[in-house]
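**Q** Below you will find the structure I want to go over with you.
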Amino acid sequence: MLFLLIVLNVVYVLDPNLQPVEDPAPNANPEEIAKVAEPNKKHEEDNFTCRGHILNILSNRLYDLYMSVQSLVEIWKAVEEKYNTERQGTDKFLMMKYFEFKMVNVILIMDQVYELQVLVSRLSDFKVVISKLLQVGAVISKLSSS
């Protein structure tokens with residue numbers, strides 16, 4: 001999603017430190033009003049585009065939950081927090097699978113080593129680094145007694 005918003009050149013509206021665009025002064029002349037109105041219009045359009053794309057990728061359940069939220073930054077933070085929490089749960093699940101992995105005699109050893117390597121690879125995708133020495137020790141400790 002972030003990549004799409006960058007390509008569309010609208011990701012700047014997600015910046016929580018973005019200064020609001022000022023409204024024209026009440027006694028401003030038409031030139032000053034036009035000068036201020038154009039950035040306001042672009043910001044509103046980009047905000048609308050960004051909000052629409054973010055809501056579009058959500059599941060129906062999440063869409064219904066966040067559709068009424070008007071602040072784009074609030075929607076982005078809430079969705080980001082939800083997916084980060086989900087990702088942390090996946091990290092823990094993969095680590096549990098790695099540590100509880102047991103080799104059995106009925107399956108070829110190389111197939112089991114490959115399965116263990118896939119777990120290590122998926123963990124590294126989540127920035128969980130398992131040293132080569134620990135991987136070798138894990139394979140040895142998980143070997144069956146036969």
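**Q** Give, as residue ranges, the helices (runs of 4 or more DSSP H) completely inside region 29-146 that count at least 1 residues that are touching a Lys or Arg at 6+ places or on another chain (Cβ under 9 Å).
**A** 60-66, 72-100, 109-125, 132-142
**Q** I'm trying to understand the selection: among the residues of region 47-57, which are in contact with a Leu (Cβ under 8 Å, 6 or more places away or on another chain) and surrounded by 15 or more Cβ atoms within 10 Å (Cβ to Cβ)?
**A** Residues satisfying the conditions are N47, T49, C50, R51, I54.
Every residue, every condition in (1) modelled with pLDDT of 85 or more; (2) touching a Phe, Trp or Tyr at 6+ places or on another chain (Cβ under 9 Å); (3) surrounded by 11 or more Cβ atoms within 10 Å (Cβ to Cβ), yes or no:
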site	(1), (2), (3)
M110	yes, no, no
V113	no, no, yes
L119	yes, yes, yes
L133	yes, no, no
S141	no, no, no
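**Q** I need the full set of residues from region 85-108 which are among the charged types (D, E, K, R) and either out of contact with any helix residue (DSSP H, G or I) (no Cβ under 7 Å at 6 or more places or on another chain) or surrounded by 14 or more Cβ atoms within 10 Å (Cβ to Cβ) (or both), in order please.
**A** E86, R87, D91, K92, K97, E100
The values are calculated or read from the model by the stated rules, or taken from the named source; none is laboratory data. Here the structure is a predicted model, which is why all the values come from computation and not from measurement. Every residue, glycine as well, gets a Cβ built from its backbone with ideal geometry; the counts of neighbours run over all protein chains shown.
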